[in-house]
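Right, one structure below, let's go through it.
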Amino acid sequence: MTPPAATPIVRATAIHKHFGALHVLKGVDLEVAERELVFVIGPSGSGKSTLLRCLNRLEEPSSGSVVVDGIDLLDPRTDINHARQRIGMVFQSFNLYPHMTALGNVTLALRKVAGRGRAEADAIGQAALARVGLADRAGHMPAQLSGGQQQRVAIARAIALEPRVMLFDEPTSALDPELVGSVLQVMRELRESGMTMVVVSHEMGFARAAADRVLFMDEGMIVEAGPPAQIFAAPAQERTRAFISQIKHH
Amino acid sequence: MIETFLNAAILKAAWPILLAGLGNTLALSLLVVPLGLAGGVVLALLSTVRVQWVRWPLMAWVDFFRAFPPLVLLIFLYAGLPFAGLEMGGFGCVAVAFFLNTGAYYGEVLRAGIESVPAGQIEAARSTGLSRLQALAHVVLPQAVRNVMPDLLSNTLEVVKLTSLASVVALPELLFQARQAQSLTYNPTPIVAAAVIYFLLLWPVVRLLSRLENRALAGRR
């Protein structure tokens, strides 16, 4: 596995998040090195998705700092729309635009944010769809695609902008079991191409094979972190052990 | 009876007047529908702003113009405002009144449409760097319009019917012209003819509307 580089590409420090009276994140620190794949696991409500969404400011942290690729995301002078082009995100429910073709989904931000002309955007979009194995589906509407194909289009939509880091929020949780493999395959290829990735997921097999580091979160804190072999086979914390044995028996 | 209500000679004589009225009704509709829609889009977009000092005035505005009878609004603009030194003429009054009234209605329809689009759509768009306004314009609004198309059409139907209100400020639209012809000929045939023209004009929209509604129902099953 690639040893983490010296300067982290994501550095989140002392992140707190309150939703009203609810204290969802209680001072989380997270550093992700270039080309690293960090896996985040934890029970539902542990704050793992909220943490991920703080990393591109879809969720506004109540306090703390988030620096991605040298850009301070919480600085009011930061152009967040510009910064977000460097941070790709993939959602549990795909969130493809249902009124646009697969290619239209991929090229919208290329044209409206990255300022590419239509022909250029189409070429980049086609290449991105080819990378996820869907070159022949460019003209299809999302409703004509399977869940696995929709999620791969969503990945293509993110990577077309050439992000420095990709965030995955339970990318396979909404998929039928037989469609999970194709999405994980694309993520594996992405990882092999050197993409920095933060993945919230329960796909333990994928984590074992591809993750550099696994974080276990519970009650808004990172309880334990380490290489997958250690976290899955010999966790140091009792809470981690209990959670791992639970998801193993699923 | 037929001599009174469907007099061929009178219809023939009144026809050019009625046609001119129909032309004006169509022109008026082509002005006030886009005007109301534009106002509605602005109100609907403003309704997505979560800031209190935008929300409260917006709600008050929409409530006021939905509750205010459009005929009273029109007469106030036409006959009341000149006392304040503001004269807009019949045409200007109609344009402003419809902008205010139908804009509020279109705004409510579009707001419902925007709220029917899942939040994940805007999040996906924002995550790729689109601004809030870009996400609304390219991702949310097209879906919102599609979701409330039957309501938009039905509202448009109402607006076209409401253009007959312009007759009270002496704008020579279809109803006004029919009344002119009626008083000139002292016969109700022009009014009957106007009614038939309104029906023929709007009936296809009504048919289209019920087809859309049936399709929407079928799609929900």
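The values are calculated or read from the model by the stated rules, or taken from the named source; none is laboratory data. If you're wondering where the values come from, they're calculated on a predicted model, not measured in any experiment. Note: ideal-geometry Cβ built from the backbone for every residue, glycine included; neighbour counts use all protein chains shown. We work out accessible area using only protein heavy atoms, side chains counted, and drop any ligands, DNA or RNA first. Shrake-Rupley method; radii C 1.70, N 1.55, O 1.52, S 1.80 Å.
Listed values, structure above:
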| quantity | calculated |
| --- | --- |
| A:VAL28 touching a strand residue (DSSP E or B) at 6+ places or on another chain (Cβ under 6 Å) and of a type in the set (Val, Ile, Thr) | yes |
| Options B:THR185, B:THR189, B:THR163, B:THR156: the member that is closer than 30 Å to A:LEU108 by Cβ and among the hydroxyl-bearing types (Ser, Thr, Tyr) | B:THR156 |
| Enumeration of residues in the range A:55-68 that are closer than 17 Å to A:ILE9 by Cα, charged (D, E, K, R) and open to solvent by less than 40 Å² (accessible area, probe 1.4 Å) | none |
| Residue match in the range B:200-211 (condition: more than 18 Å from the chain's Cα centre (by Cα) and under 30 Å from B:GLU87 (Cα atoms)) | no |
| Qualifying positions in the range A:29-62 - touching a Leu at 6+ places or on another chain (Cβ under 9 Å) and among the polar types (S, T, N, Q) | A:THR50, A:ASN56, A:SER62 |
| Among (1) surrounded by fewer than 16 Cβ atoms within 10 Å (Cβ to Cβ); (2) within 14 Å of another protein chain (Cβ to nearest Cβ), the one test that B:SER127 misses | (1) |
| Qualifying residues in the range B:104-121 (those that are over 17 Å from B:GLY39 (Cβ atoms) and open to solvent by 40 Å² or more (accessible area, probe 1.4 Å)) - the one nearest to the other protein chains (Cβ to nearest Cβ) | B:PRO118 |
| Any chance B:SER167 is away from chain A (no Cβ under 14 Å) and open to solvent by 70 Å² or more (accessible area, probe 1.4 Å) | no |
| Elements of type strands (runs of 3 or more DSSP E) in the range A:169-250, at least 1 residues being among the polar types (S, T, N, Q) | A:196-200 |
| Search result, residues across the range A:140-168 that are under 23 Å from A:VAL113 (Cβ atoms) and assigned to a loop (DSSP other than H, G, I, E, B) | A:MET141, A:ALA160, A:LEU161, A:GLU162, A:PRO163, A:ARG164 |
| Enumeration of residues in the range A:173-206 that are touching a Ser or Thr at 6+ places or on another chain (Cβ under 7 Å) and open to solvent by less than 10 Å² (accessible area, probe 1.4 Å) | A:VAL183, A:VAL200, A:SER201 |
| Qualifying residue in the range B:73-82 (condition: within 14 Å of another protein chain (Cβ to nearest Cβ), loosely packed, with under 15 Cβ neighbours inside 10 Å and more than 23 Å from the chain's Cα centre (by Cα)) | no |
| Output for the range A:18-49, where each listed residue is in contact with a Gly (Cβ under 8 Å, 6 or more places away or on another chain) and at positive phi | A:GLY27, A:ARG35, A:GLY47 |
| Residue match in the range B:82-98 (condition: over 16 Å from B:LEU171 (Cβ atoms), modelled with pLDDT under 90 and among the aliphatic types (A, V, I, L, M)) | yes |
| Tally of residues being open to solvent by less than 10 Å² (accessible area, probe 1.4 Å) and out of contact with any strand residue (DSSP E or B) (no Cβ under 6 Å at 6 or more places or on another chain) across the range A:218-231 | 1 |
| So A:MET89, is it within 14 Å of chain B (Cβ to nearest Cβ) and either over 19 Å from the mean Cα position of the chain (by Cα) or open to solvent by 50 Å² or more (accessible area, probe 1.4 Å) (or both) | no |
| Residue, most open to solvent (accessible area, probe 1.4 Å), within the range A:92-109, restricted to residues that are more than 9 Å from every other protein chain (Cβ to nearest Cβ) and of a type in the set (A, V, I, L, M, F, W, C) | A:LEU103 |
| Qualifying positions in the range A:45-77 - within 20 Å of A:GLU170 (Cα to Cα), within 14 Å of chain B (Cβ to nearest Cβ) and aliphatic (A, V, I, L, M) | A:LEU52, A:LEU55, A:LEU58 |
| Candidate set from the range A:110-160 (those that are of a type in the set (A, V, I, L, M), open to solvent by 40 Å² or more (accessible area, probe 1.4 Å) and away from chain B (no Cβ under 12 Å)); member that is farthest from B:ALA124 (Cα to Cα) | A:ALA119 |
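Listed here are the residues, each with its yes/no results for (1) at pLDDT 95 or above; (2) open to solvent by 30 Å² or more (accessible area, probe 1.4 Å).
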residue: B:GLU123; (1), (2): yes, yes
residue: B:ARG132; (1), (2): no, yes
residue: B:VAL140; (1), (2): yes, no
residue: B:ASN147; (1), (2): no, yes
residue: B:PRO150; (1), (2): no, no
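Yes/no per residue for (1) over 30 Å from B:SER29 (Cβ atoms); (2) of a type in the set (Val, Ile, Thr):
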{"residue": "B:ALA112", "(1), (2)": "no, no"}
{"residue": "B:GLY120", "(1), (2)": "yes, no"}
{"residue": "B:ARG126", "(1), (2)": "yes, no"}
{"residue": "B:LEU133", "(1), (2)": "no, no"}
{"residue": "B:VAL140", "(1), (2)": "no, yes"}
{"residue": "B:VAL148", "(1), (2)": "no, yes"}
{"residue": "B:ASP151", "(1), (2)": "no, no"}
{"residue": "B:SER154", "(1), (2)": "no, no"}
{"residue": "B:VAL160", "(1), (2)": "no, yes"}
